[in-house]
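A short write-up of the structure that comes next.
The values are calculated or read from the model by the stated rules, or taken from the named source; none is laboratory data. All values reported here derive from a predicted model rather than from experimental measurement. Here the Cβ is made from the backbone with ideal geometry for all residues, glycine too, and neighbour counts use every protein chain on show.
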Amino acid sequence: MREEPRIQITKDGPYLVSGKVRLSRETIIVDENGVSDTWEETEKSETPESCALCRCGKSSNKPFCDGTHEKIDFDGTETAQNEPYERSSQAIQGPTLVLRDKAELCVGARFCDKGIGTWELTKHSGVPLAKEMAIQTAGNCPSGRLVCYDKETEKPIEPACGESIALVEDPQEGVSGPLWVRGKIPVESCKGKEYEPRNRVTLCRCGKSSNKPFCDGTHVTVKFSDKK
């Protein structure tokens, strides 16, 4: 029987992934105006029953750990607040949608810039096209910073995500991004406490986030790349 997927964060070390999780590389594709528009899967594989993924950003065998974190005295202290998303996010009201926004989860993928922006699209969600675009742009946010909710049912409108992990690539910025964890795979802190399981989260793999274990977009500033 297959072991249930799980990610365990080790103290100042890698992410231990169990459950033979599907691993892919997802690339941000921009439209004719240079705005993030969609995702393209450019590589895919299946991890072993268990593996260790680099968290310090310095492995010579990325995305896998090669022990470099020990040589550089990597500080992987987890600083993120472990609060439920609905309690810790801001609500933006629209006619048919409510957009929830937790800004500290932003990874700078820029899908929310499309059109008049996800926030304004939500405020105009009485218009079918604006509503559709708000749902699409929020759903493309890899970190789950933005989530649209149906105003009548109060239920989240989420993209269908199977249990998988993707390595984000951002050619426009010329950088590699975070680990995009999908399908509510449990993430356990190094102290044994589980973070809220969510449909989409992004884990830092450049080693520089100030919101560990989650990505805060610092990979763009430091020009992180996992290319050998």
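Within region 27-45, residues that are farther than 13 Å from PRO142 by Cβ reach partners that are part of a loop (DSSP other than H, G, I, E, B) with beta carbons closer than 6 Å, at six or more positions or on different chains, in the pairs VAL30/GLN172; VAL35/LYS114; ASP37/ASP31.
More than 24 Å from ILE9 (Cα to Cα) and within 18 Å of the chain's Cα centre (by Cα): does that describe ILE135? Taking the combined requirement at face value, the residue satisfies it.
Would region 74-93 turn up any residue that is of a type in the set (Phe, Trp, Tyr), out of contact with any strand residue (DSSP E or B) (no Cβ under 8 Å at 6 or more places or on another chain) and modelled with pLDDT of 95 or more?
Yes; the residues of region 74-93 include at least one that is of a type in the set (Phe, Trp, Tyr), out of contact with any strand residue (DSSP E or B) (no Cβ under 8 Å at 6 or more places or on another chain) and modelled with pLDDT of 95 or more.
There is at least one residue in region 137-144 that is over 26 Å from GLU4 (Cα atoms) and either touching a His at 6+ places or on another chain (Cβ under 7 Å) or part of a helix (DSSP H, G or I) (or both). Evaluating CYS51 against the criteria (1) surrounded by 12 or more Cβ atoms within 10 Å (Cβ to Cβ); (2) of a type outside the set (Lys, Arg); (3) within 17 Å of the chain's Cα centre (by Cα); (4) not in a loop (DSSP other than H, G, I, E, B) leaves one unmet condition, (3).
The residues listed here are THR122, THR221; of these, the one that is touching a helix residue (DSSP H, G or I) at 6+ places or on another chain (Cβ under 6 Å), assigned to a helix (DSSP H, G or I) and at pLDDT 95 or above is THR122. When region 95-116 is filtered for residues that are outside any loop (DSSP other than H, G, I, E, B) and within 20 Å of VAL168 (Cα to Cα), the ones remaining, listed by number, are ALA103, GLU104, LEU105, PHE111, CYS112, ASP113. Among the numbered conditions (1) surrounded by fewer than 16 Cβ atoms within 10 Å (Cβ to Cβ); (2) among the hydrophobic types (A, V, I, L, M, F, W, C); (3) in contact with an Asp or Glu (Cβ under 6 Å, 6 or more places away or on another chain), the only one that ILE72 does not meet is (3). Just one of (1) in contact with a strand residue (DSSP E or B) (Cβ under 8 Å, 6 or more places away or on another chain); (2) of a type outside the set (Gly, Ala, Ser); (3) assigned to a helix (DSSP H, G or I) trips up HIS69, so point out which. Against the list (1) in contact with a strand residue (DSSP E or B) (Cβ under 8 Å, 6 or more places away or on another chain); (2) of a type outside the set (Gly, Ala, Ser); (3) assigned to a helix (DSSP H, G or I), HIS69 comes up short only on (1).
Taking the criterion of being of a type in the set (S, T, N, Q) and surrounded by 15 or more Cβ atoms within 10 Å (Cβ to Cβ), the only residue of region 148-171 that qualifies is SER164.
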